[in-house]
Amino acid sequence: MDQIQHNFITVRGLNFHVAELGEGSNVVLFLHGFPEIWYSWRHQMVALANAGFRTLAPDYRGYGLSDIPPEPEKTTFADLVSDLVAILDHLGINKVFVVAKDFGVRPAYLLTLLHPHRVSCVVTLGVPHVPLEPRKYRESLPEGFYISRWNEPGRAEADFGRFDAKTVVRNIYILFSRSEIPIADEKQEIMDMVDASVPLPPWFTEEVLATYGALYEKSGFKTALQVPYRSFDEDFGITDPIVKVPALLIMGCKDYLLKFPGMEEYIKFGKAKELVPNLDIIYLPEGTHFVQEQSPELVNELILDFLRSHM
């Protein structure tokens, strides 16, 4: 991992951290989720760089080593997409392969829909492309549903504020590694769902946790709570939501996302291909929500095979 370069690029009034490894004209743009950061792509960056790709993994505004915007509570998904375009323009990169995870799937597909000439193909992990309309999950899940809780201004801030950043990341990694949706009891906060005695997932070490903890200690969680959790109802003015480029979805069979109402049917019975006609889906039987860290060699191979077939 020591060979990964850490560059800082000033665009749109903010200083963005962009991890980079590899050389060449075939560029892969990695987009992280939450509670992740550029670092969650470390295994994939090394593998793809060794295979001849140039890899870029930015921290979004307000995440990791990138600047926190002056008003993080006003951050939008549209900001993230505009930031990505500005970073690519600054680096003189016209077209990329996009690999995205978790909520990073939304800016990945927004980039593809709004700037189709900039994207060759898309690989997503754990989340399919879904209709760009207000989410209805909160209406059919209990009040303690984690997205409902984190959507409420101030509640997650108070919950997280009882702990240091490392503990918050630890608890969320443990919760999101399970195969059930995190839903708290009525008088319980999300952080209280994980006891201090619960071990980390076997593929997630204390050293890795310390790295994540230090990065979130620097950035805090204010922007991360705004995007994604308070921005899902954003209107992008897209009239044609059909994705024209080839795409791959890598889905862990033990990913809690499959328990979202209607999600398993949406993926398995063809609805996902209505928006992404040229979509391949690969299931990993033991895969959780963090397949790229849980099974890096397998995921690296799947990504490489797909990218090579669309060069």
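The values are calculated or read from the model by the stated rules, or taken from the named source; none is laboratory data. Since the model is a prediction, treat every value here as computed from it, not as a measurement. All Cβ positions, even for glycine, are placed from backbone atoms using ideal geometry, and neighbour counts span all protein chains on display. Just the protein is used for accessible areas: all its heavy atoms, side chains included, with ligands, DNA and RNA removed. Shrake-Rupley method; radii C 1.70, N 1.55, O 1.52, S 1.80 Å.
Only one entry of 225, 200, 215, 248 meets the criterion of being within 23 Å of residue 294 (Cβ to Cβ) and in contact with a helix residue (DSSP H, G or I) (Cβ under 6 Å, 6 or more places away or on another chain), and that entry is 248.
For the stretch 66-89, the set of residues classified as in contact with a strand residue (DSSP E or B) (Cβ under 7 Å, 6 or more places away or on another chain), within 16 Å of residue 222 (Cβ to Cβ) and surrounded by fewer than 21 Cβ atoms within 10 Å (Cβ to Cβ) consists of 67, 69, listed by residue number. Of the residues screened, residue 157 is one that is part of a helix (DSSP H, G or I), in contact (Cβ under 8 Å) with a residue 24 or more places away in the chain, charged (D, E, K, R) and more than 22 Å from residue 39 (Cβ to Cβ).
When residues in the stretch 42-53 are screened for being surrounded by 18 or more Cβ atoms within 10 Å (Cβ to Cβ), more than 20 Å from the chain's Cα centre (by Cα) and free of Cβ contacts under 8 Å to residues at least 60 places away in the same chain, 1 of them pass. Going through 241, 201 one at a time, which residue ends up being surrounded by 14 or more Cβ atoms within 10 Å (Cβ to Cβ), modelled with pLDDT under 95 and part of a loop (DSSP other than H, G, I, E, B)? The match here is 241.
When the stretch 119-133 is filtered for residues that are touching a strand residue (DSSP E or B) at 6+ places or on another chain (Cβ under 9 Å) and open to solvent by 30 Å² or more (accessible area, probe 1.4 Å), only 120 remains. Restricting attention to the stretch 204-235, the residues that are among the hydroxyl-bearing types (Ser, Thr, Tyr) and open to solvent by 40 Å² or more (accessible area, probe 1.4 Å) total 2.
The set of residues in the stretch 164-196 that are exposed (fewer than 14 other Cβ atoms within 10 Å of the Cβ) and either modelled with pLDDT of 95 or more or under 21 Å from the mean Cα position of the chain (by Cα) (or both) comprises 164, 180, 185, 188, 192. A Cβ distance below 6 Å, combined with a sequence gap of six or more or placement on separate chains, defines the contacts here; from the stretch 162-191, residues that are among the basic types (Lys, Arg) reach no residue that is at pLDDT below 95. Residues in the stretch 1-19 that are loosely packed, with under 14 Cβ neighbours inside 10 Å and in a strand (DSSP E or B): 5, 6, 7, 8, 10, 15. Quick check, is residue 221 at pLDDT below 95 and among the aromatic types (Phe, Trp, Tyr)? For residue 221, the condition - at pLDDT below 95 and among the aromatic types (Phe, Trp, Tyr) - is not met. Annotation: of all residues in the stretch 244-292 being under 13 Å from residue 178 (Cα atoms) and in a loop (DSSP other than H, G, I, E, B), the one that is most open to solvent (accessible area, probe 1.4 Å) is 286.
Screening residue 105 with (1) touching a strand residue (DSSP E or B) at 6+ places or on another chain (Cβ under 7 Å); (2) open to solvent by 50 Å² or more (accessible area, probe 1.4 Å); (3) closer than 16 Å to residue 289 by Cα gives one miss only, at (2).
If you scan the stretch 20-41, which residues turn out to be under 18 Å from residue 306 (Cβ atoms), outside any helix (DSSP H, G or I) and in contact (Cβ under 8 Å) with a residue 60 or more places away in the chain? Correct list: 26, 27, 28, 29, 30, 31.
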